[in-house]
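Peer 1: Encoded as structure tokens, here's the structure I'll be asking about.
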Amino acid sequence: MIEFLWLLLPVAAASGWFAAQRSSSHFESTPSTFNLSSDYFKGLNYLLNEQPDKAIDVFVKLIDVDSDTVETHLALGALFRRRGEVDRAIRIHQNLIARTTLNAQQRALAVLELAQDYQRSGLLDRAEILFIELTQSIDYQVYAYRQLLDVYQQEHEWEKAVQTAKALSKISGENVKSLIAHYYCEMAEMARHQGLRDQAVQSVQKALTADNHSVRASMLEGKLALDECDKKQAIKAFRRIERQDATYLSEVIAPLKQCYQDIGKEDEFKKFLQYILERYGGITPMLVLANMLQDEATEEQAADFIVKQLHKRPSVRGLDHLLDLALSHTGNITYEHLLLLKDMTKQLLKNKPVYKCHHCGFTGKTLHWQCPSCKQWNTIKPIQGIEGE
Ligand SMILES: [Zn+2]
């Protein structure tokens, strides 16, 4: 309860002021101030004695007396919420809002607090109503829109989320394109799940209109096309991802391979793989290509291909696959292959730290007895495990 002690501050100020008034020669009696502080002492006493509900009773009555104490009540309510005592916070804030003596700013603040209480306790419908009210308040509208977005995301109210994001962007200038695209994608996924294909297709188009870099929308468009066995449309959608964000290409290589195989254009797919491998690298296209080589040519050719690629970009997944190949035809492991494998482990280990601080996580290639980062002694040790000792 020690954090409640700061609430004594206004009381101390009031009694200080009272004492000053009394000692001055022009003493005027100020009974209301005196009553206020004595009631405050009573309330604080309850707080300090871990009787918060009695304290709330006192404070709630106080507010009838004087609306100057609004800020203290707001602070008290916020404190209860922070401590996880949301029901108490709600009681205080509901009582505040019921007062007719609040000015517009005080009311807005109290509504904001109560909305947060409701949000915190999962009463999202009530929180929504209050946050909508706050979107009319210039001071809190940006915050209110953000919280509304949070509420709608939790409740999967994607259409409302779209409208709210647009409103937020309008007043704050925030870029909400990708956010809106995700909301439309959520709608599309829901519709697809319910078998509402046309609706799903429409939502995907809206997502792409909102954000033409939406990888998720392209992936969904591809899936929807596959639902209809429209391979060409699926290929078009999946390949668009290259222009949107090539780092996601690995996600669509498997379905793309299937599509190309189904329409009998594996050569075209191979060219595509070679192209993205050259341009962007990536282990997935490399392994798929290696597998295709394995099917068409010899395992040795596939292994050579992997080794060549791994020289350019060492990777554990690639190494693992190479070992699989080597194990599948043990008779053919050549000294040359072993040299290449050795070369690769060397490359993989080249940039790995050897020592790690167990206190702060600092890593390096030199053994320091005192960690250069956290200055602890004897915390740096050789790294253990698969990539270490
Ligand atoms: Zn350290």
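The values are calculated or read from the model by the stated rules, or taken from the named source; none is laboratory data. Remember, it's a predicted structure, so these values are computed and weren't measured experimentally. We place every Cβ from the backbone using ideal geometry, glycine too, and count neighbours over all the protein chains shown. What goes into the accessible areas is simple: the full protein's heavy atoms, side chains included, and nothing from ligands, DNA or RNA. Shrake-Rupley method; radii C 1.70, N 1.55, O 1.52, S 1.80 Å.
Peer 1: What is the sum of charges, Lys and Arg at +1 and Asp and Glu at -1, for the other residues whose Cβ falls under 15 Å from the Cβ of residue 209?
Peer 2: +3
Peer 1: Per residue of the stretch 192-201, in order, report the coupling 6.51 cos²θ - 1.76 cosθ + 1.60 (Karplus, θ = phi - 60°) as ³J(HN,Hα) in whole Hz, putting x for Gly and Pro.
Peer 2: Using θ = phi - 60°, the values come out as 4, 4, 8, x, 8, 4, 4, 4, 4, 4 Hz.
Peer 1: Right, here's the next one. In the stretch 281-351, carbon and sulfur make up what percent of the accessible area (probe 1.4 Å)?
Peer 2: Carbon and sulfur atoms account for 56 percent of the accessible area of the stretch 281-351.
Peer 1: Let me ask another. Just tell me the longest site-free run in the chain, where the sites are trypsin sites (Lys or Arg not before Pro) in a DSSP loop having at most 14 other beta-carbon atoms within 10 Å.
Peer 2: Counting at most 14 other Cβ atoms within 10 Å as exposed, the longest clean stretch of the chain is 84-364.
Peer 1: Compute the length gained on full extension between residue 375 and residue 274: take 0.36 nm times their separation in residues and subtract their Cα-Cα distance, giving the result in nm to one decimal.
Peer 2: 31.4 nm
Peer 1: Explain nothing, just compute: Karplus ³J(HN,Hα) = 6.51 cos²θ - 1.76 cosθ + 1.60, θ = phi - 60°, for every residue of the stretch 149-158 in order, whole Hz, x for Gly and Pro.
Peer 2: 4, 4, 4, 5, 5, 5, 8, 6, 8, 5
Peer 1: Another question, then. Which whole-percent values make up P(r) of the chain when all C-alpha to C-alpha distances are grouped in 10 Å steps starting at zero?
Peer 2: Taking every Cα pair in the chain, the percentages come to 4, 14, 14, 14, 17, 15, 10, 7, 3, 1, 0, 0.
Peer 1: Give the calculated FRET efficiency between residue 246 and residue 156 to the nearest 0.05, with a Förster radius of 22 Å applied to their Cβ-Cβ distance. List each step's numbers first, then the result.
Peer 2: Numbers: r = 31 Å, r/R0 = 1.40.
E between residue 246 and residue 156, to the nearest 0.05, is 0.10.
Peer 1: Sticking with this one: Compute the accessible area per residue over the chain, keeping the other protein chains in place, probe 1.4 Å, unit Å².
Peer 2: Heavy-atom SASA per residue in the chain reads 57 Å².
Peer 1: A follow-up question, please. Extending each Cα 7 Å along its Cβ direction at residue 48 and residue 300, get the distance between those two points in nm, one decimal.
Peer 2: For residue 48 paired with residue 300, the spin-label model returns 9.1 nm.
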